[in-house]
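A short write-up of the structure that comes next.
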Amino acid sequence: GTPHKYDPTFKGPIYDRGCTDILCCVLLVIAIVGYVVVGVVAWTHGDPRKVIYPTDSRGQFCGQQGTPNEYVSRLAAGARAFTRGLPASSSPIQICVSKCPDRYLTYLSAYSSRAPSELEYYQNFCVPEFKTLRKPPIEVLKDKECPAMIIPSTPLARRCFPAIRAKKGVIMVGNETTYDDGHGRRRNVTELLEGAKKANVVLEARQLAMKIFEDYTVSWYWIIIGLVIAMVTSFIFIVLLRFLAGIMVWVMIVMVILVLGYGIFHCYMEYAKLKGEAGSDVSLKDLGFQTDLRVYLHLRQTWLAFMIILCVVEVVIILLLVFLRKRILIAIALIKEASRAVGHIMSSLLFPLCTFFLLCLCIAYWASTAVFLSTSNEAVYKVFNETACQFSGQTCKPETFNTSNVTKLCPDAQCLFAFYGGESAYHKYLIVLQFFNVFMFFWLANFVIALGQVSLAGAFASYYWAFKKPDDMPAFPLFSAFGRALRYHTGSLAFGSLILAIVQVIRVTLEYLDHRLKAADNKFAKFLLSCLKCCFWCLEKFIKFLNRNAYIMIAIYGTNFCTSARNAFFLLMRNIIRVAVLDKVTDFLFFLGKLLIVGSVGILAFFFFTHRIKLVQDTAPPLNYYWVPILTVIVGSYLIAHGFFSVYGMCVDTLFLCFCEDLERNDGSPERPYYMSPELSEILLKGNLEPSK
C-alpha cells in the first residue's frame, strides 16, 4: 500500500461524510423484518408447554394449572416397557396421574384384596373412563384400562420413572429386589435396570442440579457481593491506571507473579498434607467422574496437577517478561496515553453496558424464537395394536378412528399419540427457519459489537487528532461517534458483521457434523472435519482482527468497509514490527490485569466459602458444593474485568493506528508537527519505533 502523505486539512475524524455500503444496510433491514416475521409465525404456531409438560396417549398435557393430575405414567403389561422396550405395534399407554406410585401392587392382588382402599388406590393409575371397580380383571387388562402392575416410581420432569437405587451393591426398587409382573411370575428388579438406566442418569443430574440450586439460594447475595467487589476493584484499578499507569503496570506484574506463587505454595502444602491419608493415592483415572467435586480435593494427584499447571504458567509469564522487558516500557507509554484518553472521555467506561444490554436482547429474542420454533409441530397419532395388523404404524385421527375400517379389521388396534411432527409446508421448512434464526443471531450480535467498537474508536480518534488536548476535542465525542456510526455507517457495520456471521455459522455446522459423526468409524471424514474446523477457527480470528481495525478506519475517514479494511491491513503491514512490539505487548499486559483481578477475587471467595477466614467463619453459608459460588464469582469477575479492559483495549488499538498514521503524515517539524502527545513522542521515537527515513 501507499503511505499517507501530509494533508494540512486533516484534523482527525471527518465530519463531512456520506452513507457507505447502502446495499448491505438495505439487506440488514430486510433481514430484520424477515426475522420479526419468523418470530411472529413461531409464536403463533409454537407452544412451549410441549417442552414443560408431558402428554398422555391422547396428546393432552399433564400438570397444567387447574388440572389435578400433574405427572404422566406409562401403563404396560409386565416389565416389557422398561426392559426391552415395546415394539412399534404395541406401545404402552400413557395417562396423567396425580402422583407417582409409591408401592408394589398388581391389579389381581388389588382386585382380590379384602381392603377396598387397595383397589381405589389402584384406580388412580387407570384410564379416566375406568369406573366399574367390579369388572372382571381379565377384561380390564384386555381392554388396557389398568396396568397389570405398578411399581414404586420417582417423579422427574413430571414423569414417573422406576425408583431404582443401589444398597450395598444390591439393585433395589423401593425396598424390594423382586416384583410380581402381574402374570403370577416373580422377576428380579435388575430387569428394570437396562430400560431405566438413562432415566437414572437424568435422576442423578437432577439431584446435582437441585443441590446446585440450593447452593445458589443460600449464597446468591454473597455472590453478588463478590461481583460488586470485582467491579469496584476493576474500577479502582482503571482509575489508578489513569494517574499511575507506569507504577500500576509494574505492581500488576509483580502481584500476578506473587498470586501464582502463592497458588503453587498452597497446592504443595495440600499435596504434602494428604501424604499417608487413606484413599489419597487413588488416581483420577480410577476414580472417574464424580458429581461431588469435593472428592477430587482429597486426592494428592489433583493438587499435583494444579501445582504443575500453575508452575508452567508462572514460568511462561516470567520468560515473557524477561524477553519483553524493553518493549514493556514502550507499551506502558501507550497505556499512559490511553489512560489520558479514557480520563477525558469517562463515559466510555459505561458504554459497554449499552452493548451488553443490546446483546441480551439479541440472546433473548433468539432463545425464545428457537423454543417456539421447536414446539411448532403438531400432535401425530399412530395405530398401535398387539396382534398383526396391516395398518400398524400408520397415522390416524382419534376423532374418526372408531368409525374407520381399521377397528373392523384390527379390533384390538388403538389410535394413540406418538410424537410431535407435521407434514405441511411450514413443518417441512422448520429446520430452515431454525437455521435462519441462528444465522440472524450471529449477524445481529456481531453488528451490536461492531457498533460499540466503531463508537469507541471514533471517540478516541477525536482525542488523538486534537492538537491541543482536550481543548480541540468535540463536546461529546462518544455520542457524536455513536450518531455518525448509526447515521452513515450502518451498512458498513452490517457488511463486516455479515462476513463474520457466515464464518461462525459454518463453524457451528462443522461442529454439528462432527458431533453426528462421532459414532461413525470413518477416520478420513474425522480428519477432514478437524482440518476444516482448524482452518475456519483461524479464519474467524483473522476476520475479527481485520474487522476491528477496519472499524477504526471507518470511524476516522468515513470510507466503506472494503476500503477501510484494505487501508487498515496495508497500514498494519507497513508497521508490522510495531504491531508485534506495541499492540500485542499491551494485550499481554491487559491480560495480566484481568488475571490479577480474577485471581484476587477468586482467592478471597475460596477462603470465604470454605470457612477459612476466622473473622467471618460463622457468616459463610453451609453449602453442598462450595465450588458453585466460587466458580460463579470467578466467571463473573472475569466478565466484569473484561468489560472494563475492553474499553482500554479499543483505546490502545485506535491510538496505535492513529500513531502509525501520524508517523506517515508528519515528521515532527514545526511545519508538520506530530499530533501525539510530547510524552508519547519522547518514549516511542526513542524506542526505535520512528519511521524509516
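A residue that is over 32 Å from the mean Cα position of the chain (by Cα) and of a type in the set (Lys, Arg) cannot be found anywhere in the range 539-554. For residues in the range 228-238 being open to solvent by 50 Å² or more (accessible area, probe 1.4 Å) and either β-branched (Val, Ile, Thr) or in contact with a Ser or Thr (Cβ under 9 Å, 6 or more places away or on another chain) (or both), which is nearest to ILE597 (Cα to Cα)? Within the range 228-238, the match that is nearest to ILE597 (Cα to Cα) is THR233. Of everything in the range 251-271 that is within 26 Å of LEU589 (Cβ to Cβ) and not hydrophobic (A, V, I, L, M, F, W, C), the residue that is nearest to the chain's Cα centre (by Cα) is GLY263. Against the criterion of being open to solvent by less than 40 Å² (accessible area, probe 1.4 Å), outside any helix (DSSP H, G or I), more than 26 Å from ARG327 (Cα to Cα) and out of contact with any strand residue (DSSP E or B) (no Cβ under 7 Å at 6 or more places or on another chain), ALA520 qualifies.
Restricting the first member to the range 223-247 and to residues that are under 16 Å from LEU334 (Cβ atoms), and the second to residues that are open to solvent by less than 20 Å² (accessible area, probe 1.4 Å), the beta-carbon pairs closer than 6 Å and six or more apart or on different chains are LEU241/SER339; ARG242/SER339; ALA245/ILE335; ALA245/SER339; GLY246/ILE332.
When you look at LEU528, is it buried (at least 16 other Cβ atoms within 10 Å of the Cβ) and of a type in the set (A, V, I, L, M, F, W, C), yes or no?
On the way: buried (at least 16 other Cβ atoms within 10 Å of the Cβ): no; of a type in the set (A, V, I, L, M, F, W, C): yes.
Answer is no for this residue.
Remark: pairs (first residue in the range 119-144, farther than 22 Å from PHE384 by Cβ; second residue of a type in the set (D, E, K, R); Cβ separation under 7 Å; 6+ apart in sequence or on different chains) are absent. Only a single criterion out of (1) at pLDDT below 75; (2) β-branched (Val, Ile, Thr); (3) not in a loop (DSSP other than H, G, I, E, B) is not satisfied by VAL29, namely (1). Among the residues of the range 435-483, those identified as closer than 29 Å to LEU663 by Cβ, aromatic (Phe, Trp, Tyr) and open to solvent by less than 40 Å² (accessible area, probe 1.4 Å) are PHE460, TYR463, TYR464, TRP465. A single member of PHE372, PHE356 is open to solvent by 20 Å² or more (accessible area, probe 1.4 Å), at pLDDT 85 or above and closer than 30 Å to PHE243 by Cα, and it is PHE356. If only residues of the range 147-162 that are assigned to a loop (DSSP other than H, G, I, E, B), at pLDDT 75 or above and aliphatic (A, V, I, L, M) are counted, the one that is surrounded by the most Cβ atoms within 10 Å (Cβ to Cβ) is ILE151. Scanning the range 344-353 for residues that are aliphatic (A, V, I, L, M), surrounded by 16 or more Cβ atoms within 10 Å (Cβ to Cβ) and either free of Cβ contacts under 8 Å to residues at least 60 places away in the same chain or in a helix (DSSP H, G or I) (or both) gives a single hit, LEU349.
For the range 484-498, the tally of residues that are among the hydroxyl-bearing types (Ser, Thr, Tyr), open to solvent by 20 Å² or more (accessible area, probe 1.4 Å) and farther than 13 Å from ALA555 by Cβ stands at 1. Scanning the range 542-592 for residues that are among the charged types (D, E, K, R), more than 29 Å from CYS19 (Cα to Cα) and in contact (Cβ under 8 Å) with a residue 60 or more places away in the chain turns up ARG578, ASP583, ASP587. Summed over the range 614-636, the residues that are assigned to a helix (DSSP H, G or I) and touching a residue at least 60 places away in the same chain (Cβ under 8 Å) give a count of 6.
If you go through the range 114-142 and keep only what is part of a loop (DSSP other than H, G, I, E, B) and surrounded by 14 or more Cβ atoms within 10 Å (Cβ to Cβ), you end up with ASN124, PHE125, CYS126, VAL127, PHE130, LEU133, LYS135.
Inside the range 375-390, residues that are open to solvent by 40 Å² or more (accessible area, probe 1.4 Å), part of a loop (DSSP other than H, G, I, E, B) and either closer than 30 Å to ALA42 by Cα or among the hydroxyl-bearing types (Ser, Thr, Tyr) (or both) make up a count of 1.
Residue check: is LEU319 closer than 23 Å to VAL448 by Cα and open to solvent by 60 Å² or more (accessible area, probe 1.4 Å)?
Details: closer than 23 Å to VAL448 by Cα: no; open to solvent by 60 Å² or more (accessible area, probe 1.4 Å): yes.
The answer is no for LEU319.
Here HIS611 passes the criteria (1) closer than 30 Å to VAL251 by Cα; (2) assigned to a helix (DSSP H, G or I) except the one numbered (2). Within the span defined as the range 495-504, one or more residues are assigned to a helix (DSSP H, G or I), over 25 Å from the mean Cα position of the chain (by Cα) and not polar (S, T, N, Q). Before we move on, is ILE502 at pLDDT 90 or above and surrounded by fewer than 17 Cβ atoms within 10 Å (Cβ to Cβ)? So ILE502 fits the description; yes. Residues of the range 617-633 that are open to solvent by 30 Å² or more (accessible area, probe 1.4 Å), of a type in the set (Val, Ile, Thr) and more than 21 Å from VAL295 (Cα to Cα): THR619 alone. One residue stands out among those in the range 555-564 that are surrounded by 15 or more Cβ atoms within 10 Å (Cβ to Cβ) and assigned to a helix (DSSP H, G or I): the one that is farthest from the chain's Cα centre (by Cα), which is TYR557.
Does any residue of the range 565-586 turn out to be within 27 Å of the chain's Cα centre (by Cα), open to solvent by 50 Å² or more (accessible area, probe 1.4 Å) and under 30 Å from GLY263 (Cβ atoms)?
Kept after step one, since they are within 27 Å of the chain's Cα centre (by Cα), are these residues of the range 565-586: none.
No, there is no match, as no residue in the range 565-586 is within 27 Å of the chain's Cα centre (by Cα), open to solvent by 50 Å² or more (accessible area, probe 1.4 Å) and under 30 Å from GLY263 (Cβ atoms).
The numbered conditions (1) in a helix (DSSP H, G or I); (2) under 30 Å from THR563 (Cβ atoms) are all true for ALA475 except (1).
The values are calculated or read from the model by the stated rules, or taken from the named source; none is laboratory data. Just so we're clear, the structure is a prediction, and the values are computed from it rather than from any experiment. Backbone-built Cβ (ideal geometry, glycine too); neighbour counts: all protein chains shown. The protein model used for the area step is the full one, side chains on, heavy atoms only, and it has no ligands, DNA or RNA in it. Shrake-Rupley method; radii C 1.70, N 1.55, O 1.52, S 1.80 Å.
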